[in-house]
Amino acid sequence: MTEPLTVLGLETSCDETAAAVVRLDASGKVEVLSSIVGTQIAAHAPYGGVVPEIAARAHVETIDAIVAEALSSAGVGYGDLTGVAATAGPGLVGGVMVGLSFGKAVALARGLPLVAVNHLEGHAVSARLAADIPYPFLLLLVSGGHCQILAVEGVGACRRLGSTIDDAAGEAFDKIAKSMGLPYPGGPALEKLAQGGDPSGYVLPRALLGREGFDFSFSGLKTAAARMAATVNTDAERKNLAAAVQVAIARQLSDRTDKAMAAYALEHQGAPLRFVVAGGVAANGAVRAKLQDTATARGFSFDAPPLAYCTDNAAMIALAGAERLALGISDRLDAPARPRWPLDEAAALANPTHVPGRKGAKA
């Protein structure tokens, strides 16, 4: 790689239609030329969650305009692009197909290489959009559909150390918020309610204490909090319960990550120790603060994406694609849309967190 790569990124895995243009130069410097996100919150709010069919139709209706705005904001045209990167999974497959098909059409029409990006890999590199974070690093990827901790050794080289065995942390935030009568999306609403609350009056379960490994579990906490929510009567009680929930989730993320940090440090003795938290839950201030304290205590640096890149966006997809193109890696035009796509496929096959026939985290 001698010339800068200018990549159009497309993200349609859930309820945001996003397009971005990112430039990666030979030195590894990243420049986000544009990042446009079209949200569908208003369309899904009446249902209290994402409706896949509504999401897919909205992607179809808006992706042309979103891409046009991203190119215009970046000051580039299709002729200025080096490649196209589109989310190919995991996610709501109807939505994934929209962005991936659009990316294939651009690649075919313009003779550009296509990179079919794992959405989770996009989150894995999202902090690199705004900071120089060399590989390797320890990653906590925590969002509404995912909760896992990975050793990221390089481009596409992710080794899963632990994952949720039931619900993701973001799912727990959202469902507890819904049980408390908070509006969709629930996670940010619960964080707002928790401000100034006293968490000491509610005792929530601490899952997996003493358990070997680095897995997470939030189903017990979610159930206990939902039952408590049915008993609160005043605004002060709701505020205190929200604060307790936030503390409990942050505590489990910190406890399990602390164990993983200890093991990771033993494997990387003498090397710089870097920790990154990414995903939608990384936008939560209490979670960030708790994890930063944990990282500092273990001697790790701490990085998280800017808030705009914590939730789903196309800039992270464009960067993941650019890093692969820099290594000469691209995909065929028959790359499939995948509802399930673990970052560490070997670990997922050898040690699945969910047996066939059971619902679980998307990865």
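To check you understand DSSP bridge types, tell me what percent of the beta bridges within the chain (both residues inside) are antiparallel, rounded to 5.
Of those bridges, close to 65 percent are antiparallel.
When every alpha-carbon pair in region 43-130 is counted, what percent end up more than 16 Å apart?
The answer is 63 percent, as a whole percent.
Considering only protein heavy atoms, with the full assembly of protein chains and a 1.4 angstrom probe, order THR311, THR82 by accessible area, largest first.
Putting THR311, THR82 in descending order of accessible area: THR311, THR82.
If you count the DSSP beta bridges with both ends in region 70-214, what percent of them are antiparallel, to the nearest 5?
In region 70-214, approximately 70 percent of DSSP beta bridges are antiparallel ones.
Report the FRET efficiency, 1/(1 + (r/R0)^6), for GLU3 and ARG211, where r is their Cβ-Cβ distance and R0 is 45 Å, rounded to 0.05.
0.35
So if I take the centroid of the Cα atoms in region 71-114 and the same for region 164-194, what is the distance between those two points in Å?
Between the Cα centre of region 71-114 and that of region 164-194, the gap is 32 Å.
Considering only protein heavy atoms and a probe of 1.4 Å, how much of the accessible area of the chain is carbon and sulfur, as a whole percent?
54 percent
Taking region 126-257 on its own, what percent of its Cα-Cα pair distances exceed 20 Å?
Beyond 20 Å sits 48 percent of the P(r) for region 126-257.
Sum up the lysine pairs in the chain that clear both bars: alpha-carbon distance under 28 Å and a spacing of 8 or more or different chains.
Lysine pairs meeting both conditions in the chain amount to 29.
For region 125-166, what is one quarter of the convex hull surface built on the Cα atoms, given in nm²?
3.2 nm²
With the alpha-carbon atoms as the only input, what is the per residue convex hull volume for region 123-197 in Å³?
Once divided by residue count, the hull of region 123-197 is 124 Å³.
When only C-alpha pairs under 8 Å and at least 6 residues apart count, what is the relative contact order of region 42-176, in percent?
Dividing the mean separation by the residue count of region 42-176 yields 15 percent.
Considering only PHE214, GLY181, GLY197, whose Cα is most displaced toward the positive end of the charge dipole of region 175-219, charges sitting on Cβ of Lys, Arg (+1) and Asp, Glu (-1)?
GLY181
Given the peptides 119-129, 41-51, 222-232, arrange them by the average over their residues of other C-beta atoms within 10 Å, most packed first. Don't jump to the answer; show the numbers that get you there.
Values: 119-129: 26.3, 41-51: 13.6, 222-232: 16.6.
Descending mean neighbour count gives 119-129, 222-232, 41-51.
Report the Stokes-Einstein translational diffusion coefficient (µm² s⁻¹, integer) for region 12-89, Rh taken as the Kirkwood radius over Cα pairs, at 10 °C with viscosity 1.306 mPa s.
115 µm²/s
Out of all Cα-Cα pairs in the chain, roughly what percent, to the nearest whole number, are more than 39 Å apart?
Everything past 39 Å amounts to 13 percent.
Give me Rg/Rg_expected for region 204-308, where Rg uses Cα atoms only and Rg_expected = 2.2 N^0.38 Å with N residues.
1.22
Per-residue HN-Hα couplings for region 130-136, Karplus 6.51 cos²θ - 1.76 cosθ + 1.60 at θ = phi - 60°, whole Hz, x for Gly and Pro?
For region 130-136, the Karplus-derived couplings read 10, 8, 7, 10, x, 6, x Hz, x marking Gly and Pro.
I'd like to check one number: the per residue accessible area of region 1-114, probe 1.4 Å, reported in Å² as a whole number.
With all protein chains present, region 1-114 gives 42 Å² per residue.
Counting other C-beta atoms within 10 Å, and keeping those with at most 10, which DSSP coil trypsin sites (Lys or Arg not before Pro) do you find in region 243-333?
Answer in residue order: ARG332.
The values are calculated or read from the model by the stated rules, or taken from the named source; none is laboratory data. No experiment lies behind these values; they were computed from the predicted model shown. All Cβ positions, glycine included, derive from the backbone under ideal geometry; neighbour counts span all protein chains shown. Areas reflect the complete protein model, heavy atoms only, side chains present, ligands, DNA and RNA absent. Shrake-Rupley method; radii C 1.70, N 1.55, O 1.52, S 1.80 Å.
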